[in-house]
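Below: the structure, in structure tokens.
The values are calculated or read from the model by the stated rules, or taken from the named source; none is laboratory data. These figures come from a predicted structure and were not determined experimentally. Here Cβ is always computed from backbone atoms with ideal geometry, including for glycine, and neighbour counts include all displayed protein chains. Surface accessibility is based on the protein's heavy atoms, side chains included, excluding ligands, DNA and RNA. Shrake-Rupley method; radii C 1.70, N 1.55, O 1.52, S 1.80 Å.
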Amino acid sequence: MLNRALLLVLCFFALTGQRDPILVPEVSQHEVQVRQGFTGTELLLFGAILDPSGARGGRDYDIVVVLKGPTGAIRVREKERIGGMWINANTTDFRSAPSYFAVASSAPVADIVDERTAAIYEFGLGFIQLSPSGTIDPEEQLKFTEGLVDLRRRQGLFKEDMGGVKISEQVLYQARIALPSSVQTGTYTAETFAITRGRVIASAVAEVEVKKVGFERFIELFSQQQAFWYGLIAVSLSIFMGWLAGRVFAMI
């Protein structure tokens, strides 16, 4: 598949007189199936960067790959210890927090681009654009942002690997990024950037669909399409299991 794409790009160069480099990305799996016993998987993101001036004798490139999961609104709460008890204190809302976020690069991002460029393209956990809702003090916003990033990093949902992209002869690149078992279903975008002299000169996007299959898919659809009956069955099962556990312990 990649060889066919390379051939098409070369033909495009010849016909149009293209002068800017072009990225040709590919992903090892365009569909990840989540079924019972799913323990996570590893995606191989690879491809080529083609330079009309001569792929092997042209400029030196660095590559940054950003893999993002579906975004959604989220509320972050801060807990405080009052009177020996932990209770909810301040809260803040984010409108578009990614459910998964991973960055891999061929070198430390700080050595590749300046902070402004890194912030524009979200080259790292410190540059995630979460879109806070409402008015909030900048220091408070930073505290909640760092708290959310730290929580999801410990859950394996946010990660960065400065040096995780391998480049061969300034033409081919590859990066391996792990998806944990707790990943959310939906469409994931893998955006690859080619950088030289501190400037992004080319980018390309590939997509990965994460979806549940089998019985898990049936339960997911049932909960969405028949929310009332799903809730009723869930409550009934909880009551029954509680009653059954009580009977068993009473007999011991």
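Of Leu142, Leu148, the order by accessible heavy-atom surface (1.4 Å probe, DNA, RNA and ligands excluded), from most exposed downward, is Leu142, Leu148.
With the simple model of a label 7 Å out from the Cα in the direction of the Cβ, Arg75 to Asp111 spans 4.5 nm. Computed extension gain for Thr39 through Ala250, at 0.36 nm per residue and net of the alpha carbon distance, reaches 72.2 nm. Among the GluC sites (Glu not before Pro) in the range 112-200, those located in a DSSP loop and surrounded by at most 14 other Cβ atoms within 10 Å of their own Cβ are Glu169.
Solvent-accessible surface of protein heavy atoms, probed at 1.4 angstrom with all chains present, puts Phe193, Phe249 in the order Phe249, Phe193, largest first.
Listed peptides 36-49, 100-113 appear in the order 100-113, 36-49 once ranked by packing, highest mean of other Cβ atoms within 10 Å at the front. Placing a label point 7 Å from the Cα of Leu151 along the Cα-to-Cβ direction, the residues of the range 167-204 whose backbone N falls under 19 Å of that point are 180-185. Built from the Cα atoms of the range 21-212, the convex hull projects on average onto 12.7 nm², one quarter of its surface area.
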